[in-house]
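Single-structure report; data block below.
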Amino acid sequence: MNKYRVGIIGATGMVGQRFVSLLDNHPWFDVTVLAASSRSAGNKYSDAVAGRWSLPTPLPVPVKDIVVLDATADFRRISENADFVFSAVDMKKEDIKVFEEALAKAECPVVSNNSANRGAPDVPMIIPEVNPEHMELIEHQRRRLGTKRGFIAVKSNCSIQSYVPALHPLRDKFGLTRALVCTYQSISGAGKTFETWPEMTDNVIPYIGGEEEKSEKEPLFIWGTVSDGKILPADDINITSQCIRVPVTDGHMAAVFMSFAKKPDITEIKNIWRQYKGLAQELDLPSAPKQFLHYFEENDRPQTRLDRELEGGMAVSLGRLRTDSQYDYKFIGLSHNTVRGAAGGAILTAELLCAKGFI
Ligand code: NAP
C-alpha cells in the first residue's frame, strides 16, 4: 500500500512531539513535512527540539534530519509535499482560522487540534467512536470552500474525552438530562512540563482559561444533529463544569455526576460500557483501542499514573460508579490528554477519514 504523505504543523510543541512519536512506523502514514514558527524553521528537527524533547521515548530516527519549515512563509511547500496535515499550533485564533482555511483551499485537508475552527457549523468535530456520522458535513464544507479535496476537521477539547465517551452510550439509551463535571487536568494540557512551569510543583490552580466553556459546550456539538449541511447542537442536556489544573505530567481526570430521563441500574451501565464499540473498532483502525471504555471495580482506580497509558493512551478508563443523593449516579473518568485528547485522537480521526474516502 502507498502511504499517505503527512505534515505536522506545530511539530516542535508538546502535541506536535506526540504526533511525531505516534506516527513513527505508522502503517498508513509517512511524515514528510514538519513545520513550526520562524524560530524553529531552517533547523533540522533534532536541533529544533534539542533540550525540549519532552517524551520518555527517543526522537524517532526517520524525522531527525527533516528540515523544519516555517508554517506561514513556506505555506506552498507544505501543501505540495503533504497529502494532508495535522495542525497543533499555538497562534492567535484568528491567525489559525486563516491559516487552516488557506491550507484547505490549497486542497490540503487539515485535521486540527486547535480550537479556532471548532463550532463552525460545517466543520466536523469528531470523536471516531462517538459521532463519525458528522463526516457528512465535509461535502457541504467543500462546497463553501470551493474545493475538491481540501477541508478542515477538528478534534474536540482534551478535557471532554474523559467523560463524553462514557456518557454517550448511556445518553442514547436512557436519555441523559443533566451532568456536572469537575476536571483535574495535567500540566502537559498547557504545553508545559514541571521544568517549564515550576509554579505547578506542590500546587493546584483553580482556573484554566476558556476550559469550562469548552467542557460544557463541545459535548453538545458532538451530540448535535446534521441538518441542511450544518450542525445543530443538542439542546436536551444541561452540563455544568469546573476545570482545575493539578500537578501531574499527563492525564486528565473527571469527576462526573449524571441524571437520566429513564434511570438505568448500575449493572446495565457497566455492561453497556464494557460492550461498547464504535466505528473505529468495527473498522479495526490502526490506532483504535481494542476496548474503548475500561471499567475498574477497584475503589482506588482509575489512577492517573497507573492507567493513563492503557492501550497506548487511546482507551478511556472509568471507575467508582455509584448512586448519588442529588443526581442519579456519579463516576470517575480518565484519559491521556496528549494522546487520546490530542495527537492520538487526531490520528484516529485521520485514519477514519482515510478509511471512508474523505482523504
Ligand atoms: P506548545 O507546546 O506551546 O507548541 C506550540 C507549537 O506551535 C510549537 O510547535 C510552536 O513552534 C508553534 N508555533 C507557535 N507560534 C507559531 C507561529 N506563529 N507560526 C507557526 N507555528 C507556531 O503547544 P501544545 O500544547 O502543543 O498545543 C498546540 C495546540 O494544540 C494548541 O492550540 C492547544 O490548544 C491544542 N491542544 C493541546 C492539548 C494538550 O494536551 N497539550 C490538547 C488538545 C489540544 P516553535 O517551537 O517554533 O515556537
Of the residues SER112, SER37, only one is closer than 22 Å to LEU352 by Cβ and within 11 Å of the ligand (Cβ to nearest atom); which?
SER112
All but one of (1) surrounded by fewer than 18 Cβ atoms within 10 Å (Cβ to Cβ); (2) touching a strand residue (DSSP E or B) at 6+ places or on another chain (Cβ under 6 Å); (3) free of Cβ contacts under 8 Å to residues at least 60 places away in the same chain hold for SER325; which doesn't?
(2)
Qualifying residue in the stretch 2-17 (condition: near the ligand (Cβ under 9 Å from one of its atoms) and either farther than 22 Å from ALA350 by Cα or touching a Pro at 6+ places or on another chain (Cβ under 8 Å) (or both)):
no
Given the structure, is THR72 at pLDDT below 95, touching a helix residue (DSSP H, G or I) at 6+ places or on another chain (Cβ under 9 Å) and either assigned to a loop (DSSP other than H, G, I, E, B) or farther than 27 Å from LEU353 by Cα (or both)?
yes
Any idea which of ARG320, ARG274 is touching a Phe, Trp or Tyr at 6+ places or on another chain (Cβ under 7 Å) and more than 30 Å from LEU22 (Cα to Cα)?
ARG320
If a residue must be surrounded by fewer than 18 Cβ atoms within 10 Å (Cβ to Cβ) and either in contact with a helix residue (DSSP H, G or I) (Cβ under 6 Å, 6 or more places away or on another chain) or under 12 Å from GLN17 (Cβ atoms) (or both), how many such residues does the stretch 49-69 contain?
9
Helices (runs of 4 or more DSSP H) wholly inside the stretch 274-359 that include at least 1 residues being within 19 Å of the chain's Cα centre (by Cα) and hydroxyl-bearing (Ser, Thr, Tyr):
304-307, 344-355
Any chance the stretch 334-347 includes a residue that's more than 16 Å from the ligand (Cβ to nearest atom), farther than 23 Å from ASP172 by Cβ and touching a strand residue (DSSP E or B) at 6+ places or on another chain (Cβ under 6 Å)?
no
Output yes when any residue across the stretch 182-201 is under 18 Å from ALA342 (Cβ atoms) and away from the ligand (no atom under 16 Å from the Cβ), and no when none is.
no
Would you pick out the residues in the stretch 138-181 that are more than 16 Å from the ligand (Cβ to nearest atom) and closer than 29 Å to GLY209 by Cα?
PHE151, ALA166, LEU167, HIS168, ARG171, LEU176, THR177, ARG178, ALA179, LEU180, VAL181
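Pick from LEU55, LEU59: which is hydrophobic (A, V, I, L, M, F, W, C), touching a residue at least 24 places away in the same chain (Cβ under 8 Å), away from the ligand (no atom under 13 Å from the Cβ) and not in a helix (DSSP H, G or I)?
None of the other options fit; the residue is LEU59.
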Filtered residues of the stretch 70-106 (kept if of a type in the set (D, E, K, R), within 19 Å of ASP30 (Cα to Cα) and surrounded by 15 or more Cβ atoms within 10 Å (Cβ to Cβ)):
ASP83
So which residues in the stretch 128-156 are closer than 16 Å to ALA342 by Cβ, among the aliphatic types (A, V, I, L, M) and out of contact with any Leu (no Cβ under 9 Å at 6 or more places or on another chain)?
VAL154
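The values are calculated or read from the model by the stated rules, or taken from the named source; none is laboratory data. All figures in this text were calculated on a predicted structure; none of them were measured in a lab. Heads up, the Cβs are rebuilt from the backbone with ideal geometry, glycines too, and the neighbour counts pull from every protein chain shown.
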